Amino acid sequence: MKDSVYRAPKGTRDLVWPDSERRRSFINLFAEIAGSSGYAEIVLPMFEHREVFQRLGDGTDVVRKEMYDFEDKGGRNIALRPEQTASIVRSYVENRPSLPWKVWYAGPNFRYERAQKGRFRQFDQVGLEALGPEDPHLDIEVIAIAWRFYEALGLRKVNLQLNSIGTSQDRVRYIEALSRYLENQKEFLSKESQDTFAVNPLRVLDSKRDEDVQVISEAPSILDHLSDGAQSHFNEVQEGLEKLAIPYIVKPTLVRGLDYYVKTTFEFTSESIDAAQDAIGGGGRYDGLAAEMGAPETPGVGFALGLDRTLMACDAEKSFPEPEHMLEIFVVDTTGGANALVITDELRQEGFKVDRSFDDRSMKAQMKAADKSGAKIAVIVGDDEVSNGVVTIRDLRGKGGQEEIASESMIADLRKKLR
Ligand code: HAM
């Protein structure tokens, strides 16, 4: 069906207050946690040369089906970013910052997916990436930051699924073994998984379809194909998580939807939201990506958390509530508006959060607007107040009492009441 042109395109939506402010608080909290762990913010372009994202893997859905790509007026092949890790590595390759390079980011990404609850075509992520060290301690740091962030949001029903998909050589050996196995079991697989098998055998492991579950449960495990180096890296990551008392489940079928990963991969799922969209974050190592883009071999590890889905989990767990109304004072002026103009400006300069009505509306209409605004106090000015050098202050919450105060002491009195 064709979208009506004056509606937000399918898979997108407008975020209005209080959702817009909750989003900002979410990002601010993430900025605080990432910043205090030595990560600096990076703001990336929303589009890149398509080749940057081609690195996510020709066999992945993101590249094959979901890319918003187009030729620009200069004949370049451009794609809106479906994620930000590849852009960060591109930025690293281009700017060669000194290592370790630790950055965090927030912002929208674009994937032409089947839009549904918790799955959007424009969705926000917060995330971070650390380039340089190969040290498993860095994997642990990254996972721990995500975990502490979920805790700070008040989420308690988050599961950490952990896996290692080995080095790229390990993966080649594993895919051979897996393909041999799946080839023999092909007739038992769903039609969709048979198609996936032809393009990207690893992704078959991701299927949750009933027909596939049995076949997958008996498939060879990547964990039996790890080289010694990858195995000891994985062991250290697990030991570190145990030291930090971060619970995890090893899930050998966790392959993730992007091809750049090696060694550690992980995903966070929420028990409190719909199982089909329960992944609220994910990440892993991508030690080969910088070299693929032409830089010397530079290990990297990071994660991205889906803001929209994580907030759905917060709703389900009744955590990280919507913000309170932000206004403190509403100025009501029945003299035509000139007094409101001056008082509003004065109060704002003093740091109060203030709004007013326009269009010289009736006292009743202005009081209604004041109530609706969420402000705590109305400052009312009429002809009597002006001639007596006072303003009337009305409590908009609680008992709703009112009193007159001298205009001269208005700031001090309001400060006493509100602070
Ligand atoms: P990803 O698993 O594709 O990984 O996305 C991370 C999170 O973004 C998902 O767990 C989910 O919460 C959210 N997300 C993804 N697609 C959608 C969508 N269509 N609608 C709503 N939320 C969505 C990455 O993007 C990697 N860059 C993560 C990473 C960072 N790996 C290493 N560093």
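Restricting the stretch 113-143 to residues that are surrounded by 17 or more Cβ atoms within 10 Å (Cβ to Cβ) and assigned to a helix (DSSP H, G or I), the residue that is nearest to the ligand (Cβ to nearest atom) is Val142.
Answer with yes or no whether Val204 is buried (at least 19 other Cβ atoms within 10 Å of the Cβ) and not in a loop (DSSP other than H, G, I, E, B). For Val204, the condition - buried (at least 19 other Cβ atoms within 10 Å of the Cβ) and not in a loop (DSSP other than H, G, I, E, B) - is met. Out of Ala275, Ala279, one residue alone is open to solvent by 10 Å² or more (accessible area, probe 1.4 Å), within 6 Å of the ligand (Cβ to nearest atom) and closer than 22 Å to Arg121 by Cβ. It is Ala279. Among the residues of the stretch 347-355, not a single one is polar (S, T, N, Q), more than 30 Å from Tyr105 (Cβ to Cβ) and touching a residue at least 12 places away in the same chain (Cβ under 8 Å).
Please verify whether Pro108 is modelled with pLDDT of 95 or more and more than 9 Å from the ligand (Cβ to nearest atom), treating the condition exactly as stated.
yes
Listed here are the helices (runs of 4 or more DSSP H) enclosed by the stretch 304-419 that have at least 3 residues being in contact with a strand residue (DSSP E or B) (Cβ under 6 Å, 6 or more places away or on another chain) and farther than 30 Å from Ile273 by Cα: 338-349, 363-373. Of the residues making up the stretch 253-272, those that are open to solvent by 20 Å² or more (accessible area, probe 1.4 Å), more than 8 Å from the ligand (Cβ to nearest atom) and in a loop (DSSP other than H, G, I, E, B) are Thr253, Asp259, Glu271, Ser272.
Gly154 satisfies every condition listed in (1) at positive phi; (2) not assigned by TED's automatic domain parsing to the domain that holds Arg309 except (2). For the stretch 57-75, the count of residues that are within 12 Å of the ligand (Cβ to nearest atom), at positive phi, over 21 Å from the mean Cα position of the chain (by Cα) and assigned by TED's automatic domain parsing to the domain that holds Thr12 is nonzero.
Scanning the stretch 217-230 for residues that are buried (at least 17 other Cβ atoms within 10 Å of the Cβ) and among the polar types (S, T, N, Q) gives no hits.
Of the residues that make up the stretch 22-34, is at least one at pLDDT 95 or above, within 23 Å of Arg285 (Cα to Cα) and among the acidic types (Asp, Glu)? Scanning the stretch 22-34, I find no residue that is at pLDDT 95 or above, within 23 Å of Arg285 (Cα to Cα) and among the acidic types (Asp, Glu), so the answer is no. Set side by side, the residues Ala291, Ala304 differ, and just one is within 14 Å of the ligand (Cβ to nearest atom), surrounded by fewer than 22 Cβ atoms within 10 Å (Cβ to Cβ) and at pLDDT 95 or above, which is Ala304. For the stretch 184-199, the condition holds for no residue, the condition being that it is closer than 19 Å to Gln277 by Cβ, open to solvent by 10 Å² or more (accessible area, probe 1.4 Å), in contact (Cβ under 8 Å) with a residue 24 or more places away in the chain and β-branched (Val, Ile, Thr).
Take the residues in the stretch 317-365 that are of a type in the set (S, T, N, Q) and closer than 10 Å to Val379 by Cβ, then tell me which one is least open to solvent (accessible area, probe 1.4 Å). Here the answer is Thr344.
The values are calculated or read from the model by the stated rules, or taken from the named source; none is laboratory data. Since the model is a prediction, treat every value here as computed from it, not as a measurement. Glycine gets a Cβ as well: all are built from the backbone with ideal geometry, and neighbour counts include every protein chain shown. For accessibility, only protein heavy atoms count, side chains too; no ligands or nucleic acids. Shrake-Rupley method; radii C 1.70, N 1.55, O 1.52, S 1.80 Å.
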